[in-house]
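The structure appears right after this line, and notes come after that.
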Amino acid sequence: MPACSKGLLGLGLALVVLAGCGTNASEDPTATGWAFTNPGGGGAFHAIGAGPTGVLLAGSDLSGAYISKDGGQSWSAIGALRGLGGFWTTHVSAVGFDPQDPDILYLGTEEGLFRSRDGGHRFERVLEEGYITDVRFAHERPEVGYLAWHPEYNAAAGAVFRSEDRGLSWRKVGNLPSGLRILKLLVHPSNPDVVYALSGEDRFTCGEAALFRSEDGGQGWRRVAAEAGQIIDAALDPAEPDALYLSSYGDVWDEGYRCVHDDPDGGFAYRAVREGNRLRLTRLSEDLGPRNLLLWPARDRLRVVDLDEREVWTNAGGSWQRLGGWDDWEWGWTSPDHSFGTSPGGDAKTIAPDPKDPEVLYWTDWQFLYATHDGGRRFAQIVSDEVSPGRFRSRGVDNIVPFELALDADGHHVYAALADLGCFASDDYGESWRSCNQEPYSGSWGRAGGNSLTLAADPERPGVVWIGQAQDIEEDHTLLKSTDFGAHWQPANDGLPGTILSGLTIDPKSPKERRALFVTAGGDVYKSGNDGLSWTRVLACGGCRYTAARGGLVFAGGEAGLWRSADGGGRWERVGPPVFTGEDNPDFWDSGWSGVAAIRFDPHDEERVYVAVFGEERGIYMSDDAGRTWSRVLAGDFLWDVRVDPGDAKVLYAASSSALFSGGYDPGSRGVLMSRDGGAHWETLNEGLAWPFARRLVPDAERGVLWLVSPGLGFARRPLP
């Protein structure tokens with residue numbers, strides 16, 4: 001998934017309220033407010049942890065944090081909306097807990113540290129700057145804690161801060177060597193002056209894979225266990241906290257590593273006991289041979305997680321025994337090849353034990369969250385439930401980049417286009433989801449994902465749908481067509497160049513068996529008059545990304561402004577004010593872009609058209625003369641879409657989001673807006689959202705439902721007001 005985008009600095013002390021948007025798709029869509037419906041998961045998750053009573057927190061890179069109070073059976077998102085709503089960073093890089101008071105929780109972000117004193121309902125910012133990668137407290141002295149701090153999200157310049165008032169205030173202590181990316185801290189449970197800092201590599205930067213120890217509350221630091229090599233992980237011995245376990249890298253075969261290198265002498269787990277000013281190391285995993293291991297110690301045994309083989313071993317009884325591996329585990333709707341990876345926040349942050357149950361361990365990676373409740377014999381996803389074979393429903397923890405949604409003519413099927421997840425379809429109006437990705441067009445993702453920016457469903461023929469698909473967004477996309485509700489696909493791209501596809505639309509007044517379709521490819525506009533069998537370029541726009549067509553009237557827009565054709569794409573003219581034109585930026589799928597983002601016809605008036613123009617001091621515009629002249633009906637910087645209520649021409653809906661592909665919250669992001677008087681006055685329609693993020697809106701006149709495409713949060717529905 002994409003990297004985080006920087007949030008807003010210097011907003012001062014603020015509060016956040018837990019927003020309960022993350023319930024599963026069985027919520028009644030006729031109830032008031034937005035009910036989310038997703039397949040579950042998506043990524044990336046930088047951190048996971050459990051508190052003293054089993055409360056779970058997970059940190060995501062697009063949609064803030066998620067909290068579960070039932071062991072991962074259900075989740076809720078923590079975001080900017082509800083109550084005082086001052087939690088504005090979508091990238092959560094660390095989670096932390098008071099070891100004795102379950103109501104005190106911590107979220108480390110790219111904008112400092114947030115603290116809750118009421119079990120996660122409200123969070124107060126207690127450190128106002130810095131990128132926080134870990135926060136830990138002494139179990140028997142919970143007033144003393146430490147956090148790992150960096151000046152920027154991609155800086156290898158780690159420092160340690162200390163609190164002596166249970167996390168209410170913090171001060172920098174000591175000076176660690178330069179060039180460190182601190183991933184993990186360990187604090188002695190009864191002597192909080194003893195603290196360890198583990199440095200390493202994460203998704204954003206490299207730090208030396210090394211372990212440091214302080215015995216004076218962080219004032220002075222000394223590297224330890226250098227003879228073990230590059231340290232992957234470290235953990236205190238629960239039975240003897242003056243001792244610790246550590247592990248080192250051996251054969252690093254994964255090409256994703258940038259600064260960790262192969263070590264022919266590494267790849268072992270050790271127990272370390274202090275002797276004078278050094279640690280005496282005893283190798284524990286000699287019989288296993290070199291492996292890259294994460295550590296899961298208990299009072300009477302050590303368990304290790306092999307990162308490469310994805311299996312768990314224990315030395316209980318004095319010899320190593322395999323407890324379980326990926327072939328015994330449940331990976332949900334994805335594939336084994338895309339399951340049980342490592343945390344983008346660093347390998348050492350991949351696993352987190354449950355402090356109240358030694359048999360429970362949590363696991364996070366780039367897309368999913370997992371748990372074992374039997375000591376590592378079996379792991380299962382805790383992001384979704386398989387409600388029927390091959391059909392999944394989210395438990396409320398989602399972190400996805402959705403682009404488009406389309407409703408099938410049969411009134412039951414729903415199709416979704418996403419980054420990394422690719423194509424998903426629902427056969428039961430969002431109650432459950434199945435992958436509809438098609439090999440080989442999804443590349444190395446296989447059926448487990450892909451990248452799709454555009455799709456369209458025929459308004460009259462059930463099961464007929466088109467979608468663009470590629471392995472990566474910036475690679476060549478293939479347009480595919482299905483006539484069986486997305487179960488099987490065939491290429492429908494004859495005449496289209498190998499490039500990025502977007503803005504697919506169907507002229508609903510064209511012949512039902514020979515639809516006229518329009519799509520943009522590499523910024524130019526292409527037309528098919530034969531149901532997608534072949535395509536011809538009709539406008540060398542160079543910066544058109546979205547299209548709309550109705551009865552021969554065709555529009556195309558993007559950073560090149562708005563273009564109009566009154567003869568089905570034969571002749572074109574540029575229309576609209578200069579503000580319709582954006583900057584010359586081809587990355588139209590992200591929030592750094594500007595230009596025409598949506599073009600919508602009024603279903604009640606043949607002459608009326610609306611456009612949403614994304615970018616600073618732009619907004620929603622209306623034309624009453626088929627696009628010849630335009631007037632603004634809503635001003636805003638982050639407007640992506642506009643829709644007319646199918647039952648009332650005076651009711652308009654608008655979608656606003658500062659986040660799209662890379663997260664990032666701005667107070668100007670307003671979520672879903674509604675006007676009851678044709679655009680003269682507007683109100684928000686955000687009940688049930690954790691963040692005011694709205695990318696697309698899709699009204700369903702037959703069911704009286706409004707669908708939402710929300711960056712980071714996914715897909716939601718509510719009754720048309």
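Could you list the square roots of 5 times each eigenvalue of the Cα gyration tensor of the chain, that is, the equivalent ellipsoid semi-axes, sorted largest first and rounded to whole Å?
The equivalent ellipsoid of the chain has semi-axes of 49, 26, 22 Å.
Taking all pairs of distinct Cα atoms, average 1/r, flip it, and tell me the Kirkwood hydrodynamic radius of the stretch 576-721 in Å to one decimal place.
Evaluated over the stretch 576-721, this radius sits at 15.1 Å.
Rounded, prolate or oblate, given the Cα gyration tensor of the stretch 474-719, with a/c below 1.5 counting as rounded?
Note, shape of the stretch 474-719 comes out rounded.
What list do you get for TRP691, TRP329, TRP34 if you sort them by fewest beta carbons within 10 Å?
Ordered from fewest to most neighbouring Cβ atoms within 10 Å, TRP691, TRP329, TRP34 come out as TRP329, TRP34, TRP691.
Take each of the peptides 275-281, 350-356, average the number of other beta-carbon atoms within 10 Å over its residues, and list them starting from the highest.
With the highest mean Cβ count within 10 Å placed first, the list reads 350-356, 275-281.
Would you order ARG301, ARG514, ARG670 from fewest to most other beta-carbon atoms within 10 Å of each residue's own beta-carbon?
ARG514, ARG301, ARG670
Report the calculated FRET efficiency for GLN490 and ASP625 (r = Cβ-Cβ distance, R0 = 35 Å), to the nearest 0.05.
My answer for the efficiency is 0.30.
Report the gain in length on full extension from ALA635 to SER190: 0.36 nm times residue separation, minus Cα-Cα distance, nm rounded to one decimal.
154.4 nm
Let's test the formula: R0 of 35 Å, r as the Cβ-Cβ distance of ALA243 and ALA380. What FRET efficiency results, to the nearest 0.05?
Efficiency, rounded to the nearest 0.05: 0.60.
What pairs in LYS509/LYS650; LYS481/LYS512; LYS184/LYS356 have C-alpha atoms more than 22 Å from each other?
Table pairs above 22 Å Cα-Cα are LYS509/LYS650.
Compute the Cα gyration tensor for the stretch 241-339, then decide on rounded, prolate or oblate, letting a ≥ b ≥ c be the square roots of its eigenvalues: rounded whenever a/c is under 1.5, prolate when a/b is larger than b/c in the other cases, and oblate in all that remain.
Verdict is oblate for the stretch 241-339.
Rounded to the nearest 0.05, what FRET efficiency do GLU255 and GLU330 give with R0 = 45 Å and r taken as the Cβ-Cβ distance? Could you check?
0.95
Among rounded, prolate and oblate, which fits the stretch 15-387 when a ≥ b ≥ c are the square roots of the eigenvalues of its C-alpha gyration tensor, a/c under 1.5 means rounded, and a/b larger than b/c means prolate?
oblate
Just rank CYS436, CYS541, fewest to most, by other beta-carbon atoms within 10 angstrom.
Taking fewest neighbouring Cβ atoms as first place, the list is CYS541, CYS436.
What do you get for Rg/Rh of the stretch 320-452 when both radii come from the Cα atoms and Rh is the Kirkwood radius?
1.02
Readers should treat all values here as calculations from the given coordinates under stated rules, not as data from a laboratory. Because the structure is a prediction, the values reported are computed rather than measured. Note: ideal-geometry Cβ built from the backbone for every residue, glycine included; neighbour counts use all protein chains shown.
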